[in-house]
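Coordinate-derived values only; no laboratory data. Quick caveat, the model's predicted, so the values are computed rather than measured. Note that we place each Cβ from the backbone using ideal geometry, even for glycine, and neighbour counts take in every protein chain shown.
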Amino acid sequence: MDKIKKNLKKSYFVVNKIYLFLIFISLSLVDFTLGFYYFILSLIIYIFKVMTSRLPLEPNKRYHYETYTYKESDKKSLKMDVWYPLEKQNINYPLVFFAHGGGWISGFRNQTNNVSWCKYLASKGFCVSSIDYRYGLKNNMEDILSDYTDALDFVKKNSEKLKIDKNNIILMGLSAGGHLSLLYSTYNTFIENSKNIEGIKGVIAYYSPSDLNDIFITDNKSIFARFATKKTLKGDPIDKKEIYDYYSPINWVSERMVPCLVAHGKLDTTVPFKSSVNLIRELNNNNIKCEFLVHKKGKHSFDTQLNDLTTMNILEKTARFAKKMTK
């Protein structure tokens, strides 16, 4: 029975909440109005969860931030929020350069869970820049990477104005944002682009794909993850294998890679846990300093969904890693 329950939890039926759709269809067949109300209620509950998702260690204080436009692209202004410690001093702060998740096709810089991370890191003495970037729906991965690079160049060029220590930067991201952070750092260290990697002291990636082909393994059941990856890379991993390999950070790991902290939940059904396991193995093979923080009961976005000691311990270790790398 336990095995059946475990398999059911990992099935498409549960992972993609297909049972909710079946309930909607059933209710609509009986009474369309009843089905409509069920749909609206489900949507409200989903939006509420997204908008109230916070870290269990988010400080209960108001932190100061400033918004900047770092790039004009396709008649759209791409912005970043720069968060500061509560006691803003006349010094240049170490920076955590933060990229949101959302499968490269959704999410935004000031979403509640991202703001929660910014406040938490600011409470630890960091300046945090949270960026928006173009989505993979109408753009491709190269466009997104150019936004990421331009945003990082913006904070470096304006470091004095922003009170940022451009020689002490940590790249950090959640899910797709973590992938961007890993790809930027692995690629630029691999090709020895000293200009782009200058000042980067480490990378923090939470539940991020290191090999984009992993999204399509049999054990991964997320329809959203597969759709988002296909949409951004403009094809599936069979027809576009070279593209998938090219944009997979694990293929660019070298002995020059900066230190990494990787966090992942073992029960993740959106980005396979094995993607981080393989990345850590590759980092170790190249003698790269790295830390692997595992939540045995964690799923995707465990950091803002769970309020347990393990999650809080992982958050504290993350902050300590960032501090150690930027001393």
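A few comments on the model shown:
- With a Förster radius of 30 Å applied to the beta-carbon distance between Thr218 and Asn110, the computed FRET efficiency rounds to 0.25.
- Ranked by the mean number of other Cβ atoms within 10 Å per residue, highest first, peptides 55-65, 262-272 order as 262-272, 55-65.
- Around the amide H of Ser53, modelled in the peptide plane, lie the amide H atoms of Asn113, all under 5 Å away and 5 or more residues distant in sequence or on another chain.
- The GluC sites (Glu not before Pro) of the range 114-196 that DSSP puts in a loop, and whose beta carbon has at most 16 other beta carbons within 10 Å, are Glu192.
- Amide hydrogen proximity for Gly101: with H placed 1.01 Å from N in the peptide plane, the residues at 5 or more positions away or on another chain lying under 5 Å are Leu174, Gly177.
- Whole-Hz ³J(HN,Hα) from phi, Karplus 6.51 cos²θ - 1.76 cosθ + 1.60, for the range 193-203, glycine and proline x: 7, 5, 5, 5, 8, 4, x, 7, 9, x, 9
- Electrostatic bookkeeping for Trp252 treats Lys and Arg as +1 and Asp and Glu as -1; over the other residues with beta carbon under 13 Å from its beta carbon, the sum is -4.
- Computed 3J(HN,Hα) for the range 224-235, one whole-Hz value per residue from the Karplus formula 6.51 cos²θ - 1.76 cosθ + 1.60 where θ = phi - 60°, is 4, 4, 5, 4, 4, 5, 4, 5, 6, 8, 6, x, glycine and proline marked x.
- Length added when fully stretched, Asn278-Asn167, from 0.36 nm per residue minus Cα-Cα: 37.0 nm
- For Tyr70, the amide hydrogen comes within under 5 Å of the amide hydrogens of Leu78, Lys79, Met80, counting only partners 5 or more places away or on other chains and with H modelled in the peptide plane.
- Trypsin sites (Lys or Arg not before Pro) restricted to DSSP loop in the range 205-241 with at most 14 other C-beta within 10 Å: Lys234
- Among the listed pairs Lys76/Lys195; Lys157/Lys327; Lys163/Lys241; Lys195/Lys296; Lys234/Lys299, those whose Cα-Cα separation exceeds 31 Å are Lys163/Lys241; Lys195/Lys296.
- In straight-distance terms, cross-link reach from Lys138 covers every one of the aspartates and glutamates whose alpha-carbon lies under 20 Å from its own, apart from those fewer than eight places away in the same chain; here that gives Glu72, Asp74, Asp147, Asp150, Asp236, Asp239.
- Applying both filters, DSSP loop and at most 16 other Cβ atoms within 10 Å, to the GluC sites (Glu not before Pro) of the range 228-327 gives Glu255.
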